[in-house]
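The values are calculated or read from the model by the stated rules, or taken from the named source; none is laboratory data. Everything numeric in this text was worked out from a predicted model, so none of it was measured. Ideal geometry is used to build each Cβ from the backbone, glycine not excepted, and the neighbour counts take in all protein chains shown. When the accessible area is computed, the model is the full protein with side chains, heavy atoms only, and any ligands, DNA or RNA have been set aside. Shrake-Rupley method; radii C 1.70, N 1.55, O 1.52, S 1.80 Å.
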Amino acid sequence: MLAIAWLAGGAGCSDGGPDHGGTLAAIRARGELTWGADVQGGEPYVYEDPAQPSHVIGFEVDIMAAVARRLGVRSRMVQYSWPTLVPSLERGDFDVIANGLEATAERRARILLSEPYFVYAETLTVRTDSTVRSVFDLAGQRVGTLNQTYAYDILRMLYGEAVKVYDGNEEPYKDLELGRSDAVLLDNIIADRYGCTPQHPALKCLPYDAARGVYVIGIRKADPELKAAIDAALAGMRGDGELERILRGARLWDARQTETWPAEGHATGQTRRFDGEMVVQFLEAAWVTLELSVLAFLLAVPIGMALAVARIYGAGPARQAARLYIELFRGTPVLLQLFVLYYGFAQLVNLGPMQAAILGLGLNYAAYEAEVYRGALLAIPRGQSEASRALGLGPAQTLRHVLLPQALRLALPPMTNDFVSLLKDSSLVSVITVIELTKRMTIAAVDMRGWIVPGMLCAAMYLALSVPLSELARRLERRLARDQRPLTL
Amino acid sequence: MISVRSLCKRHGAREVLVGVTAEVARGETIAIVGPSGGGKSTLLRCLNYLEAFDQGQVEIAGVTLVPGMAGGGPVLRALRTRVGMVFQQFHLFPHLTAEANITLAPRVVKRTPPAAARDRAHALLARVGLADRAGAYPHELSGGQQQRIAIARALAQDPDVMLFDEPTSALDPEMRDDVIDVMRGLADGGMTMLVVTHEMQFAHDIASRVWVIDRGTIAEDGPPAQVVDHPQTQVAREFFGRLRRPAP
């Protein structure tokens, strides 16, 4: 995601620009302060008003409105995917970040951070029958948290790579309830609203703060005068009680807000370097990608074949069912299908992430394979099945011995295409916590504060997987399609 | 061996066969001739139910065919192991070698052991003069060779009746003779054969009987000496006259 955001062309650059500073003057000139946030962060941060969904509300909306008012301008929120907020700020897509941005030494090395507007506590949530008492009891356990949070840094510092990362607030707790993980470490705001709620009677939040941290406003390096203005506005809000009013209104005011601000989070220490261990991690992730793609395709091929046969030769209901399947799986996003399979059907079948990923991708690609085989079957001359019938072969025998072998060799080039495509689509399964090659790249890109090395490593590994496969397919094609070599034009 | 009673077949509003009735005895070779669109191929295809018919009845090789039989049913599958078919366009299976084309049906339908099927295939290949091409794929063979493999493929099921649908029409003249020689050998060996053809030489020299089919009925039926040399009907006279006209 990070790399993608950096590579994507930039629309809506603000006047200041990333390097030259002068953003405060630009804000005053245009009469508007733009701030980046992600509504996926949900209630109470920044979210769509249930009563009026075109309108965003949240305590950060109120805080930014107050800050802007104190600067004498309007406030406007700009929607960005959370993991891309920092690079997008650096690109100059908006003026500041205000969206649960935790103050860490790593962030301070990259951008300016305002004074805090909120003190949060890292809260550990477990199942009610759990014996875990603190973050130090989690060795060998599966712990979930959100991607690129301070909690993620803490967990990785303590337990290395055995952390399940999520992008949404609900999913970590859902998996915890289902026994797919053993604990979730997240900010108390999230834990209170999504974890230990009446909807999750089997979960409890441990009463001790695992750590404390602060939310701050992120500002570009070149804009110290903007930071000074924002800090002054925040100090004013603290002094005249406006901040307390806003936080109380959002039911966020607690004793932590008046205690001394905690020391700045400092988890990973220093940025990662490219080394042998990283190559090993990438190789492991490439293996996950390969395993996932091969198994999903092995599922997609027979199902696709059955669907194609049903669609061409089946009786009315079978034909309709096959069509429905194809339209449904081809016409809806595979991301949604993975979500439904992993979270939606969790009460029915509690699949592991890898199983759900293989099944989800396999079922989705089956719809595409079905159409490939259908086309191939229809391309076989009628005389073939007539000759087969005239020899006394039954319908199933004709399919098995005459039609499918010929269809397969016609289908080989598009199948190779689909497999290479699947290899890359498999990156979508990171939404259900599988760490495959692309996810590994985005993690490494965050750790290294740069995407070039991880990006090239990732591309090299995808190519190392796909090129030999196309070569294999090319040879197979040659062997199978002996009579189909093209004439020279 | 074959008995056809009042066979009617419609393509939409068009009547293709209009009450065809005929008898064929064991060992006869029938040449079916006549103008295009007269119903020759349709009649042939109705005899092994590759096309269903609307009225009438066919008894062939001990199997009785009536309208509305199920496509993959046991009666039809029994029929097809007893009635071989050879197509104008050969329809060999392109993904299989000559040998595998021949052994497929015995192995799959009759469950002949592979070794026995292979031996039989080699004997049939020798019989059609292609003993050395067992491992060749169809695209490596000439049209005449492909058609002879197709005949061997049909013979591998040990049929009582062989149906040929214009077996030489897609071939160059020099290749036709090889195919016709194979068919002559079959006729001499006592095979019951029905051959839709435009080959006058075949109708005259090899057939034991000639049917002239026109507008869905058998317009003339008799030995070649009678039908070819002394046609009685207008359509037969025109047909043979046109074919006999010397090349310009």
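With the cut-off at 29 Å, tell me which of the pairs A:K164/A:K204; A:K174/A:K424; A:K174/A:K227 have Cα atoms farther apart than that.
Distance filter (> 29 Å) returns A:K174/A:K227.
Under a point-charge model restricted to the Cβ atoms of Lys and Arg (+1) and Asp and Glu (-1), what is the dipole moment magnitude of chain A relative to its Cα centre, in debye to the nearest 20?
1900 debye
Quick check on the stretch B:109-205: take the gyration tensor over C-alpha atoms, sort the square-rooted eigenvalues as a ≥ b ≥ c, and tell me if it's rounded (a/c under 1.5), prolate or oblate.
Oblate, because a/c is 1.5 or more while a/b does not exceed b/c.
Dipole magnitude of chain B about its Cα centre, charges +1 at Lys/Arg Cβ and -1 at Asp/Glu Cβ only, in debye to the nearest 20?
680 debye
Considering only A:V446, A:P414, A:A460, whose Cα is most displaced toward the positive end of the charge dipole of the stretch A:389-489, charges sitting on Cβ of Lys, Arg (+1) and Asp, Glu (-1)?
Looking along the dipole axis, the top candidate is A:P414.
With an 8 Å cut-off on Cα pairs and a minimum separation of 6 or more residues, tell me the relative contact order of chain B in percent.
Dividing the mean separation by the residue count of chain B yields 26 percent.
Any idea what % of Cα-Cα pairs in the stretch A:14-116 are farther than 19 Å?
Looking at the stretch A:14-116, the distances longer than 19 Å represent 43 percent of pairs.
Counting only other residues whose beta carbon sits under 10 Å from that of A:G100, what net charge do I get with K and R as +1, D and E as -1?
With Lys, Arg at +1 and Asp, Glu at -1, the neighbours total -4.
Buried by at least 40 Å² relative to the chain on its own: which residues of the stretch A:389-407 qualify, computing accessible area with a 1.4 Å probe on protein heavy atoms?
A:R389, A:A390, A:L391, A:G392, A:L393, A:Q397, A:H401
Subtract the Cα-Cα distance of A:R76 and A:A315 from 0.36 nm times their separation in residues, and report this length gain in nm to one decimal.
My answer for the length gained is 80.2 nm.
Mind checking which helices in chain A clear 20 Å along their axis (Cα) and have mean Kyte-Doolittle hydropathy of -0.5 or more, DSSP H runs only?
A:224-239, A:276-313, A:316-331, A:353-379, A:404-425, A:452-480
How much accessible surface area, in Å² rounded to 10, belongs to the heavy atoms of A:C205 with a 1.4 Å probe?
Its accessible surface works out to 40 Å², give or take rounding.
What trypsin sites (Lys or Arg not before Pro) does the stretch B:148-221 have in DSSP loop regions with at most 16 other beta carbons within 10 Å?
B:R215
Have a look at B:A131, B:I60, A:L234 and report the one farthest towards the positive end of the charge dipole of the protein assembly as shown, computed about the Cα centre with Cβ charges (Lys/Arg +1, Asp/Glu -1).
Result: B:I60.
Filter the trypsin sites (Lys or Arg not before Pro) in the stretch A:128-227 to those in DSSP coil with at most 11 other Cβ atoms within 10 Å of their Cβ, and list the result.
A:R133
With a ≥ b ≥ c the root eigenvalues of the C-alpha gyration tensor of the protein assembly as shown, is it rounded (a/c under 1.5), prolate (a/b larger than b/c) or oblate?
Prolate, since a/c reaches 1.5 and a/b exceeds b/c.
Which value, in debye to the nearest 20, gives the size of the charge dipole of the stretch A:229-374 about its Cα centre, when Lys and Arg are +1 and Asp and Glu are -1 at the Cβ?
760 debye
For the stretch A:184-325, state the semi-axes of the equivalent ellipsoid (square roots of 5 times the eigenvalues of the alpha-carbon gyration tensor), sorted largest first and rounded to whole angstrom.
Equivalent ellipsoid semi-axes, largest first: 52, 26, 19 Å.
On average, how much accessible surface per residue is there in chain A, in Å², for a 1.4 Å probe, leaving out ligands, DNA and RNA?
44 Å²
For the interface of chains A and B, what total accessible area is buried with a 1.4 Å probe, rounded to the nearest 100 Å²?
What A and B bury together is about 2000 Å².
Taking Rh as the Kirkwood radius computed over C-alpha pairs, what is the Stokes-Einstein D of chain B at 10 °C in a medium of viscosity 1.306 mPa s, expressed in µm² per second?
Approximately 85 µm²/s, per Stokes-Einstein.
Helix-only estimate, please: 222 nm mean residue ellipticity of the protein assembly as shown, summing -39500 (n - 2.57) across DSSP H runs of length 4 or more and dividing by its residues, to the nearest 500.
-14500 deg cm²/dmol
Check the straight Cα-Cα distances from B:K40 and name the lysines below 24 Å, setting aside those fewer than 8 residues away within the same chain.
Partners within reach: B:K9.
Can you pull the percent of the protein assembly as shown's accessible area that's carbon plus sulfur, 1.4 Å probe, other chains left in place?
C and S fraction of accessible area: 57 percent.
Mind listing, in residue-number order, the residues in the stretch B:74-89 that have at least 40 Å² less accessible area with every protein chain present than in their own chain alone (1.4 Å probe)?
Those residues are B:R77, B:R80.
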